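Working notes, beginning with the structure itself.
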Amino acid sequence: MAVQLFTHQQEVLDISKTRNTLNIADCGLGKCVSSLATMDYHFKKGRGAALIICPKNLIYDAWMSDIKEYFPHLDAVAVYGTDPAKRVKALYEDHQIYISTPQTMKIMFPLIQDRGFDQIYIDESSCLKSIKSQTTKSILTLAGFRFRGREGVKFLPGRAIPHRYALTATPAPNSPEEYYSQVKFLTGPGNDIFHENFFTFQSKFFMAIDVTPKAVKQSAYYNERRDQRIKHVFRREMFEEFCYKLAEVAYVCRKSDTSDITLPDQKHIIHNIDLSQSERTAYDTMARDLLLQINRKEIKAANVLSEVMKLRQLTSGFIYGQDGNDTETHRTGATKFEYLKHLISQEPEEQRIHFINFREEARQMSKLPNSAVIDGTSKKNPEIFAAFRRGEIQHLVANQQSMSHGVTFVNCARTTYYSMNHSYELMKQSRERTHRIGQTRDCNYDYVHAKNSMDGLIFTACVRKEATVNAFLAVLVEIQNGGTPVFTDAQEVFQASFTDIMKQLVYQHLREEV
């Protein structure tokens, strides 16, 4: 029985029949199903096995699950695990689909290359961030590129896998430079969409700005080649050309673009709470002096990054010791946790996902009734996920990294951000765990922020970054639909990186001046 695809999934399939494609689609719109439909098409045309490269938590929670539900006639195996012999055995067994991770692929590269795949799918294509990374080089080698062997690792050229696809909701969360590797993976050698050479691409679309501190330059030991710091800023006048070139290989679909899917609303609620006097004093002292005396211990912030980390901890009522190790934890209060319990009491029967960032927060959350904490390395996570979906667990606690991809929880419509992560990508991905096909209730997101603290700054930076990305994707959609995009509305999207936004906000907060 043929799978009934949604309109946007059918469009991806139709495009993928004729060209390699970067499928940029919001989380929850079924990118895996679109790709499996493409694989099924190629298999029916007599083409060979498919290789899927994805984060480890997507192997079973996304790909194997969707194969079982939508394409049970397809035969798949996971080339993953701690036993090398079992991985090799799985790779050389006769299957249609082989699923692995970027790390495993680098380790097994010669064997995977020798296997002779006809199709390759990179799920979460943002793993192709830097042209210098071993992950990027190994994957681009499978697309037909050649690299010089460095650092003891060599990816010798071989047969290029002909049918290549990439999937993502956030293709370039840090810089538009990250699009280069993804586009080259799709086009292969010889295609000039973004030029054959990365540095030519970089010089065309970016300005090189010297940001070396004056003190470094004035040092008697300053060496320009070694010490100079260069920042590459996107050239505003190149935005239109960049968009049209990317549109040659990209297919973009946002939830608002779908014609036959109606998802419930997303409601974002910010809870600004007053810290207790002891918590406020500790926070303000660290922000002012970069030093905190607590329990006869002296805790210093060696630099701005350290200061930001310690201030984030203090909004949750604790701070780690001087070495940053959570074995020495100093409590300053429990205001945020007490507020969370009050929040939960308003809807005591509702299941909730709680996102945290520190182990001490996990210890706090473990006190919630009928709760489970996700450990990023635990083999029990799939069991916990299944129990949460069945309603046997009420409170699921995790950091955004461990639950940002692949897992679906349409049984739950409440998410709490107990503390914020710096990553816009993780915020967007984690919100979509509940807002997906199959969800019937409005999804509510509660952000618990200590007033006048790092909590609000990080949230503001993420929201600003999200707005710029949405403006950019709107331009790509307009090009895709044959319309006339208004580039001036989105021309600033690449000018300020997420890091730049954070730096500005943090400096304002800590030093009260720009």
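The values are calculated or read from the model by the stated rules, or taken from the named source; none is laboratory data. Only a predicted model underlies this, so the values are computations on that prediction, with no experimental measurement involved. Here the Cβ is made from the backbone with ideal geometry for all residues, glycine too, and neighbour counts use every protein chain on show.
I need the full set of residues from segment 255-291 which are small (Gly, Ala, Ser) and either farther than 15 Å from His330 by Cα or surrounded by fewer than 14 Cβ atoms within 10 Å (Cβ to Cβ) (or both), in order please.
Answer for segment 255-291, where residues must be small (Gly, Ala, Ser) and either farther than 15 Å from His330 by Cα or surrounded by fewer than 14 Cβ atoms within 10 Å (Cβ to Cβ) (or both): Ser256, Ser259, Ser276, Ala287.
Hand me the list of helices (runs of 4 or more DSSP H) wholly inside segment 184-259 holding 1 or more residues that are without any contact (Cβ under 8 Å) to a residue 24 or more places away in the chain and in contact with a Ser or Thr (Cβ under 9 Å, 6 or more places away or on another chain).
224-227
For Lys106, indicate whether it is part of a loop (DSSP other than H, G, I, E, B), surrounded by fewer than 22 Cβ atoms within 10 Å (Cβ to Cβ) and outside the structural domain of Glu224 (by TED's automatic domain parsing).
No.
Which of (1) within 22 Å of the chain's Cα centre (by Cα); (2) at pLDDT below 95 is the odd one out, the single condition Ile52 does not satisfy?
With (1) within 22 Å of the chain's Cα centre (by Cα); (2) at pLDDT below 95 applied to Ile52, the lone miss is (2).
Results for (1) surrounded by 12 or more Cβ atoms within 10 Å (Cβ to Cβ); (2) within 29 Å of Leu476 (Cα to Cα); (3) in contact with a His (Cβ under 8 Å, 6 or more places away or on another chain), shown as yes or no for each residue.
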| site | (1), (2), (3) |
| --- | --- |
| Phe205 | yes, yes, no |
| Tyr222 | yes, no, no |
| Arg225 | no, no, no |
| Lys231 | yes, yes, no |
| Glu240 | yes, yes, no |
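Looking at segment 292-305, which of its residues are over 32 Å from the mean Cα position of the chain (by Cα) and surrounded by fewer than 19 Cβ atoms within 10 Å (Cβ to Cβ)?
The answer is Gln293, Ile294, Asn295, Arg296, Lys297, Glu298.
Being of a type in the set (D, E, K, R), in a loop (DSSP other than H, G, I, E, B) and within 28 Å of Arg312 (Cα to Cα) is the filter here, so list the residues in segment 354-396 that pass it.
Selection gives Lys367, Asp375.
Looking at segment 56-69, which of its residues are at pLDDT 90 or above and of a type outside the set (A, V, I, L, M)?
Correct list: Trp63, Ser65, Asp66, Lys68, Glu69.
Look at segment 242-285 and say how many of its residues are more than 25 Å from Ile122 (Cβ to Cβ) and at pLDDT 90 or above. Lay out the reasoning, then the answer.
Narrowing segment 242-285 to residues more than 25 Å from Ile122 (Cβ to Cβ): 256, 259-260, 262-285.
Next cut, at pLDDT 90 or above only: 264-285.
Residues in segment 242-285 being more than 25 Å from Ile122 (Cβ to Cβ) and at pLDDT 90 or above: 22 in total.
Can you run down the residue pairs with Cβ atoms below 6 Å, 6 or more apart or on separate chains, where the first is in segment 367-396 and within 17 Å of Tyr418 (Cβ to Cβ) and the partner is among the β-branched types (Val, Ile, Thr) and modelled with pLDDT under 95?
Taking only residues 6 or more apart or on different chains, the pairs are Ala372/Ile384.
Check Ile319, Ile269 and return the single one that is in a strand (DSSP E or B), farther than 30 Å from Glu478 by Cβ, in contact (Cβ under 8 Å) with a residue 24 or more places away in the chain and out of contact with any His (no Cβ under 6 Å at 6 or more places or on another chain).
After applying the criteria, what remains is Ile269.
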